[in-house]
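Take a look at the structure below.
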Amino acid sequence: MTKPHASILIVEDDIALNDAYTTILRTAGHNVESVFNGQEALDHLASRAAEPDIILLDLRMPVLDGIGFLREFQPVTHPKCTVVVFSNYDAHKDIDEAYSLGVDRYVLKARAAPQDLIHLVDGVLSDSLAVEV
């Protein structure tokens with residue numbers, strides 16, 4: 001059986017990490033687009049007919065941070081799009097708020113190797129397929 005491929009939007013302001021995540025996930029066969037802050041993510045989503053399957057979101061970014069993005073995007077109103085916070089920012093207040101705004105998962109970057117992204121995406125896809133059946 002062929003593994004499903006996801007459309008993924010990476011929202012990460014660190015250029016090196018953004019490039020690394022994009023390369024890793026594209027090499028795994030996923031359709032990946034990336035932006036560098038929450039406002040660019042909102043603009044990107046507004047210009048597309050379809051939402052990505054997964055948004056990989058940093059919390060600390062210039063212009064519009066991850067929490068600001070979540071307040072505007074409102075993941076609870078986008079049930080087919082899984083939002084995963086992938087951040088080094090571990091303030092419980094913001095993590096709790098992210099979950100209350102509809103984030104599905106939170107991963108601390110410092111504890112995850114870039115290759116762990118593939119396993120993370122595979123897990124999200126498996127969860128999505130299980131719900132659809």
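The values are calculated or read from the model by the stated rules, or taken from the named source; none is laboratory data. No experiment lies behind these values; they were computed from the predicted model shown. Here the Cβ is made from the backbone with ideal geometry for all residues, glycine too, and neighbour counts use every protein chain on show.
Which ones in the stretch 1-21 are at pLDDT 95 or above and of a type in the set (Val, Ile, Thr)?
Listed by number, the residues that qualify are Ile8, Ile10, Val11, Ile15.
Residues are listed down the side, and each one gets a yes or a no for (1) part of a strand (DSSP E or B); (2) within 15 Å of Leu101 (Cα to Cα):
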residue: Glu40; (1), (2): no, no
residue: Asp43; (1), (2): no, no
residue: Ala50; (1), (2): no, no
residue: Ile55; (1), (2): yes, yes
residue: Leu59; (1), (2): no, yes
residue: Pro62; (1), (2): no, no
residue: Ile67; (1), (2): no, yes
residue: Glu72; (1), (2): no, yes
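Check Gly38 against each of (1) surrounded by fewer than 20 Cβ atoms within 10 Å (Cβ to Cβ); (2) small (Gly, Ala, Ser); (3) without any contact (Cβ under 8 Å) to a residue 60 or more places away in the chain and name the one condition it does not meet.
Single failed check for Gly38: (1).
Residue pairs, Cβ under 7 Å, 6 or more apart or interchain, first in the stretch 74-96 and more than 21 Å from Leu17 (Cα to Cα), second of a type in the set (Val, Ile, Thr) and at pLDDT 85 or above. List them.
Pro75/Val83; Pro75/Val103; Cys81/Ile55; Asp94/Ile67
Residue by residue through the stretch 110-133, note down the ones that are closer than 15 Å to Glu12 by Cβ, at pLDDT below 85 and of a type in the set (A, V, I, L, M, F, W, C).
Ala110, Ala112 - these are the residues of the stretch 110-133 that are closer than 15 Å to Glu12 by Cβ, at pLDDT below 85 and of a type in the set (A, V, I, L, M, F, W, C).
Identify, from the list Val83, Val107, Val76, the residue that is within 12 Å of the chain's Cα centre (by Cα), at pLDDT below 95 and not in a loop (DSSP other than H, G, I, E, B). If you could, list the steps in order and put the result at the bottom.
On the way: Val83 fails: at pLDDT below 95; Val76 fails: within 12 Å of the chain's Cα centre (by Cα).
Result of the check over Val83, Val107, Val76: Val107.
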